[in-house]
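Following: one structure in structure tokens, then a few remarks.
Computed from the coordinates by the stated procedures, all read-outs in this text should not be read as laboratory data. Quick caveat: nothing in here was measured; it's all calculated off a predicted structure. All Cβ positions, glycine included, derive from the backbone under ideal geometry; neighbour counts span all protein chains shown.
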Amino acid sequence: MFKDREEAGSLLAEEVKKVIKEKENAVILAIPRGGVPVAYQISKKTGIPFSMVVSKKITFPYEPEAAIGAAAPDGTYILAPYYSESSPEVKEAIKRAVNEAKEKMNKYLKGKEPDIKDKTVVIVDDGIATGYTALVAGMYAKKKGASEVILAVPVCPSDSVKKAEEIFDKVICYNKVNSLFFAVGAYYQDFHQVSDSELEMYIKKAENEGLYYK
């Protein structure tokens, strides 16, 4: 049980240090918004600068909480195996998620993606359940030319690690959980929804401390 995302980031930073040997060529990409406080702490403890990577869950309008996949702003997407991408309803859901990812990128990154070509990229979130948003972020980073893509999360179901290893070069999960009913929030005392103003506060702090990657 983590106290909050910052504590989770501090603990995860120690694991990241063991894996990243050349931090001069590394960059952390947080999945907003929950991944930002975690990434900030890892950045602070390791000296590796961070920015953000946007991915959006693919959902149906009548089931907005049930993800059937995730999409990135460039149209990269991943879909649960039991859904067909030829279905008009699924096609529409993918298109909507890509557009929403573009909107989020414009909002959080002012439309300017960080240059990660030939970099070791560490994708960070506050945890993964289905893992779709993290997986598509990893695929997206590889498309953008990253030399190595690593996933770092404080908590995840054990069976998600194998799935993540199919896309990521390395997977760092501080707390692997064997549970039929997994929810990331169950492993935090404080798991409030990170607001836009809170996200901006972390970015400003990182900029002032020379930790924000542009």
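Structure data summary
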item: Overall dimensions of the chain by Cα: Rg and Dmax, Å; result: 16.1, 48
item: Beta bridges by DSSP in the range 24-89, antiparallel share as percent, to the nearest 5; result: 70 percent
item: Degrees separating the helix 35-46 axis from the principal Cα axis of the chain, which is the longest one; result: 30 degrees
item: Modelled FRET efficiency - R0 30 Å, Glu24 with Asp159, Cβ distances, 0.05 increments; result: 0.30
item: For the chain, built as a Gaussian network whose Cα springs stay under 10 Å, the top-fluctuating residue of Ala71, Ala97, Ala183; result: Ala183
item: Protection proxy ranking of 85-91, 52-58, 117-123, 74-80 - average other beta-carbon atoms within 10 Å, highest first; result: 52-58, 117-123, 74-80, 85-91
item: Helix axis angle, 5-19 relative to the chain longest principal axis, alpha carbon, degrees; result: 80 degrees
item: Net charge over other residues, Cβ less than 10 angstrom from the Cβ of Pro154 (K, R count +1; D, E count -1); result: -3
item: Neighbourhood charge, 14 Å Cβ-Cβ cut-off, centred on Val90 and excluding it, Lys, Arg +1 and Asp, Glu -1; result: 0
item: Straight-distance crosslink candidates among aspartates and glutamates, where the alpha carbon sits under 17 Å from Lys57 and sequence neighbours closer than 8 are dropped; result: Glu65, Asp74, Glu85, Glu89, Glu92, Glu100, Glu103, Asp125, Asp126
item: Count of lysine pairs in the range 96-203 with Cα separation under 17 Å (8 or more residues apart, or interchain); result: 20
item: Relative exposure of Arg96, Arg5, judged by other C-beta atoms within 10 Å (fewest first); result: Arg96, Arg5
item: Antiparallel bridge percentage (DSSP; both residues within the range 1-148; nearest 5); result: 45 percent
item: Net charge over other residues, Cβ less than 13 angstrom from the Cβ of Thr130 (K, R count +1; D, E count -1); result: -1
item: Computed lengthening from Asn208 to Ser84, 0.36 nm per intervening residue step minus Cα-Cα distance; result: 40.0 nm
